[in-house]
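What follows is one structure encoded as structure tokens, with my remarks underneath.
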Amino acid sequence: PPPSSIVDIGCGTGAAGAAWALSAGGTPALTGIDRHPWAVDEARWTYRALGLRGTARPGDASRLPALKAGSAAIAAYVLNELPDDARTRVEDQLFAAAARGVRVLMLEPIARGIAPWWDDTARRAAGAGGRADEWRFEADLPPLLHTLDKAAGLNHRELTVRSIWLPGTPA
């Protein structure tokens, strides 16, 4: 069943939480948390534009709100930006929440250099009944985006991401 609510940690523009809410039928209430006021405003706009029930607020990604069984949390492209001590604290909170019945999804770039902690966290997830995956999708970029990509010295023939999924099965 869809989660009752989704907390989007380090929400940025709100895209990750919104994608999960839409894939769940648009019913979960969204709460985006980001330290940047611009990002909070963008997430609010995203939720409104997509017709989702959601709000975003300024906050510290390492201080999560209470997460209840049946809800979900997503941390997309944020853990790699936190100092080690803060990242470890968030990971501990997310693993504890999953043990209480909260579904957790962590997404990060595949680039190994920016997340040297990933393999340890992936092993921890497997030990907790979760899984870690790498995803690659062919990308046929629109002409303008292809031009911008090329101008930036990039070549996105494929989009990549790695994920850790904790299904939120209480222990």
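Just so it is clear, none of the values below were taken in a lab; they were calculated from the coordinates. Owing to the predicted nature of the structure, the values given are computational and were not obtained by experimental measurement. Using ideal geometry, Cβ is built from the backbone for each residue, glycine included, and neighbour counts are taken over all protein chains shown.
Quick rundown of the values:
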{"read-out": "Inter-label distance for residue 140 and residue 80, nm, one decimal - labels placed 7 Å from Cα along Cα-to-Cβ", "value": "2.8"}
{"read-out": "Structure-based [θ]222 nm, the chain - -39500 (n - 2.57) summed over DSSP H runs of at least 4, per residue, nearest 500", "value": "-10000 deg cm²/dmol"}
{"read-out": "Spatial extent of the stretch 85-170: Rg and Dmax, with the Cα atoms as the point set, Å", "value": "16.2, 48"}
{"read-out": "Around residue 59: net Lys/Arg minus Asp/Glu count, Cβ-Cβ under 13 Å", "value": "0"}
{"read-out": "Calculated FRET value between residue 133 and residue 49, using beta carbons and R₀ = 35 Å, to 0.05", "value": "0.75"}
{"read-out": "Contour minus Cα-Cα distance for residue 68 and residue 149 (0.36 nm per residue)", "value": "25.1 nm"}
{"read-out": "Helix runs (DSSP H) in the chain reaching 20 Å along axis by Cα, Kyte-Doolittle at least -1.0", "value": "84-99"}
{"read-out": "Surrounding net charge for residue 167, when Lys and Arg each add one and Asp and Glu each subtract one, Cβ distance under 12 Å", "value": "+2"}
